[in-house]
Amino acid sequence: MKEKIMNSGFGIGSLIFVAAVILALPLRIYQYVGKVLEPVTGFFAENHWSIYALYAVLVLAIVSIWVLAALKRKELDYSYETVKRPAFGALSGLVAAGLIIDLFSCMNTISSAPLNSAGYTPSPEVTSAYVTMAQMAVSLLCAVYFVVLCITSLIGKTSGANFRLLSLTPVLWSMLRMVSRFMRTISYVRVSELLFEMIMLVFMIMFFMAFAQCNSKVNEDDCKWKLAAYGLPAALMALVTSVPRLILGLVGSADIIYSQSVLEFSDLAIALFIIATVFTRVTVKTESVAESDNTAAEETPSETEE
């Protein structure tokens, strides 16, 4: 496993990511089981050592991954090879399934929201319901995009570069999710679940923007390193928020989870999709590619002088 990770384009950064996941998940689960978190409010119940340990692991991992990716920005490349990618295709299909599941969850949420009649100022709950409706519409388009990615990856006929407009739907979907969380009346700084979700969504927005540019070949030259720099932090935060909820739900202890932070299957699926993207499609530039890039960079000033 270690050899496979080291042979990928972002070897050391990927190992840091794996180590951070191994350290962060037990700490987060311990905070739930040890009642360090209050189920109703989501606040920390006490000033516990695990809080500092978890934050230290997350901050060090995210900063290290970003710095390493920035240092390797001229070395990292993105594979456009039109070959069959069964794992990448299967995970794309899993994301589409997760989006559909969450879409039905959103439907249940807005079905209980009080929609007022025209002429009245919308309450925060009503406005939030409208944002959720928009999220539902975009998530459907987003699911279509990942289905397309799934099919193209399984048949290996195209890299998916022809679907430029659809590739922006994950960006818009993540932005709408962030808006809905900003509308919550509770402090997102004091509630760790909400804070982690906000950080996750920020990195998801930046990752999907870079992925859209790379996969669609639109100003992609300076975006390839961003897939690792933003993708792995997004996957780390998605795993930290999703895996404990999944485990606690399976063992029948879902009641100790913060009430407004339910398990969203799309986050878990997206985390796996990002890991597959960084581990299998982010590569190191070959000597021929690197030489052609250097030649182009050298020729540009001379052409300007002429």
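Key figures for this structure:
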quantity	calculated
Relative packing of peptides 228-239, 195-206, 31-42 - highest average C-beta neighbours within 10 Å first	228-239, 195-206, 31-42
Spacing of the two label points (7 Å from each Cα toward its C-beta) at residue 202 and residue 255, in nm	3.6 nm
Mean Cβ neighbour count within 10 Å, used as a protection proxy, ranking 52-58, 64-70 highest first	64-70, 52-58
Full-extension gain in nm, residue 246 to residue 51, via 0.36 nm per residue minus C-alpha separation	68.1 nm
Restraint check, 35/224; 157/285; 35/72, Cα-Cα greater than 30 Å	35/224; 35/72
Two-site label geometry, residue 30 and residue 75: point separation in nm, points 7 Å out along Cα→Cβ	3.4 nm
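All of the numbers you see were taken from the coordinates with simple rules; none came from a lab. Remember, predicted model here, so these are calculated numbers, not experimental data. When we count neighbours, we look across all protein chains shown, and the Cβ atoms used for this are built from the backbone with ideal geometry, even at glycine.
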